[in-house]
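Here's the structure we're looking at; comments come further down.
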Amino acid sequence: MASFALAHTNLALVKYWGKEDEKLRLPSAPSLSLTLNAFYTKTKLSLSKENKFVLDGREEKGEEAQRVFSFLSSLLSLFRLPSSRFFIESQNFVPKSAGFASSASAFCALAAAFSKEMGLCLSKRELSIASRLGSGSAARSVYGGFVLWREGEGSRESFAVPIEEKPSMPLSVLFLSFGEKKKKISSSEGMKLSKSSPFFQIWREECRKACKEAEKAIKDDSFESLGEISERNACQMHALTLSCGFSYLSQLSLRALSLAKELREEGVSCYWSCDAGSNCALLCRKEDLDIVRKRAEKVFASSVTCFSAGPGNGVEAWSES
Ligand code: DP6
């Protein structure tokens, strides 16, 4: 018997950037995301004599395998299960070589396949808590559409909740890959460094405020308000890293930020976002996706590869004998 799970990645519109507890991955502030349909991880998990992790057809033995098996052993102790070994096969349908993070979909799929295989029948809330222990952003991939991850006081209180699983807002995301292969400072490392910023408390407050405002924008179906909130929050995250002497942004990332502004001045609602790397995302209305893509291809020419996505579903898991 083996268990399978499929989880989509998500784009944070209000970013998770800072932890109160590194081991438990308790965030310093709430975050809000959109689960994406185009990028996902599919994972097969079965009990085995030896631990083995195969990623995209290749056995992994280094750091990635270590992170996977230490995550699974933390789940075994969380659910008071006897020590076990696993054979895991994962396929990432995320353009990882283009520099897009896959930890959200990877750890959410892994937690869901584990829960299925061990017969745990976890609620979505418990699954979100379990996924969070692998990677913070994975807590949000449990649900589709717009998702809020509350900061929570302790581990049992820090989980994601759905806001609107099937968004009525007709929005699209255009990802701009500038070919950066691997980020020099991991998200975990970047978050740790950012906590020393004199602006860290302000950042926390801004995220709390932004989540409330974003929830309202979603409820009111206001794409422009949601876009403005997201762009402001992304700019604040990158200002925070800069205040600690490092940045993920390149000249091209900054050019993408000004492109969003130019498009707005021309009457096309378009907003910028960027995570812990130089690749960016442009949020727009579905009907404007072609206009935005054409402009991005014109401005960045051969420096860019574009990928588009819309709202995606939450995690699914099943067993096969
Ligand atoms: C910038 O979830 O990768 O994408 O919990 O340390 O694994 P760890 O961090 P991770 O961080 C994501 C950071 C971000 C913003 C976000 O997705 O909210």
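Among the candidates Cys211, Cys235, the residue that is assigned to a helix (DSSP H, G or I), open to solvent by less than 40 Å² (accessible area, probe 1.4 Å) and closer than 27 Å to Leu254 by Cα is uniquely Cys211. Screening the range 58-93 for residues that are free of Cβ contacts under 8 Å to residues at least 24 places away in the same chain and not in a helix (DSSP H, G or I) and picking the one that is farthest from Glu117 (Cα to Cα) gives Gly62. Under the condition of being of a type in the set (A, V, I, L, M) and either at pLDDT below 95 or over 20 Å from Leu24 (Cα atoms) (or both), the residues counted in the range 148-166 number 1. Does Asn37 meet the test of being closer than 30 Å to Leu226 by Cβ and either away from the ligand (no atom under 13 Å from the Cβ) or surrounded by fewer than 17 Cβ atoms within 10 Å (Cβ to Cβ) (or both)? Yes.
Hey, among the residues in the range 178-196 that are at negative phi and more than 15 Å from the ligand (Cβ to nearest atom), which one's modelled with the lowest pLDDT? Once the filter is applied, the top-ranked residue is Lys181.
Checking each residue of the range 241-262 against the condition of being closer than 21 Å to Thr9 by Cα, open to solvent by 10 Å² or more (accessible area, probe 1.4 Å) and in the same structural domain as Ser196 (by TED's automatic domain parsing) gives at least one match. Considering only residues in the range 20-30 that are open to solvent by less than 20 Å² (accessible area, probe 1.4 Å) and closer than 27 Å to Phe69 by Cβ, the one that is farthest from the ligand (Cβ to nearest atom) turns out to be Leu26. Here Gly190 does not fit the description of being in a helix (DSSP H, G or I), touching a strand residue (DSSP E or B) at 6+ places or on another chain (Cβ under 6 Å) and touching a residue at least 40 places away in the same chain (Cβ under 8 Å). Could you list, in sequence order, the residues of the range 116-125 that are touching a residue at least 12 places away in the same chain (Cβ under 8 Å) and either under 19 Å from Ser3 (Cα atoms) or touching a helix residue (DSSP H, G or I) at 6+ places or on another chain (Cβ under 7 Å) (or both)? Those that are touching a residue at least 12 places away in the same chain (Cβ under 8 Å) and either under 19 Å from Ser3 (Cα atoms) or touching a helix residue (DSSP H, G or I) at 6+ places or on another chain (Cβ under 7 Å) (or both): Lys116, Glu117, Met118, Leu120, Lys124. Scanning the range 137-174 for residues that are farther than 25 Å from Lys219 by Cα and open to solvent by less than 50 Å² (accessible area, probe 1.4 Å) yields a total of 2.
Only one of the numbered conditions (1) out of contact with any strand residue (DSSP E or B) (no Cβ under 9 Å at 6 or more places or on another chain); (2) open to solvent by less than 30 Å² (accessible area, probe 1.4 Å); (3) over 23 Å from Asn313 (Cα atoms) is violated by Gly62, and that is (2).
Exactly one residue out of Leu148, Leu122 is in contact with a strand residue (DSSP E or B) (Cβ under 7 Å, 6 or more places away or on another chain) and not in a helix (DSSP H, G or I), and it is Leu148. Look at (1) in contact (Cβ under 8 Å) with a residue 12 or more places away in the chain; (2) assigned to a helix (DSSP H, G or I); (3) surrounded by fewer than 23 Cβ atoms within 10 Å (Cβ to Cβ) and you find that Cys108 fails only one, number (3). One residue alone among Ala113, Ala130, Ala101 is touching a residue at least 40 places away in the same chain (Cβ under 8 Å), within 16 Å of the ligand (Cβ to nearest atom) and more than 24 Å from Cys274 (Cα to Cα), and that residue is Ala130.
The values are calculated or read from the model by the stated rules, or taken from the named source; none is laboratory data. All values derive from a computational prediction rather than experimental measurement. Heads up, the Cβs are rebuilt from the backbone with ideal geometry, glycines too, and the neighbour counts pull from every protein chain shown. The protein model used for the area step is the full one, side chains on, heavy atoms only, and it has no ligands, DNA or RNA in it. Shrake-Rupley method; radii C 1.70, N 1.55, O 1.52, S 1.80 Å.
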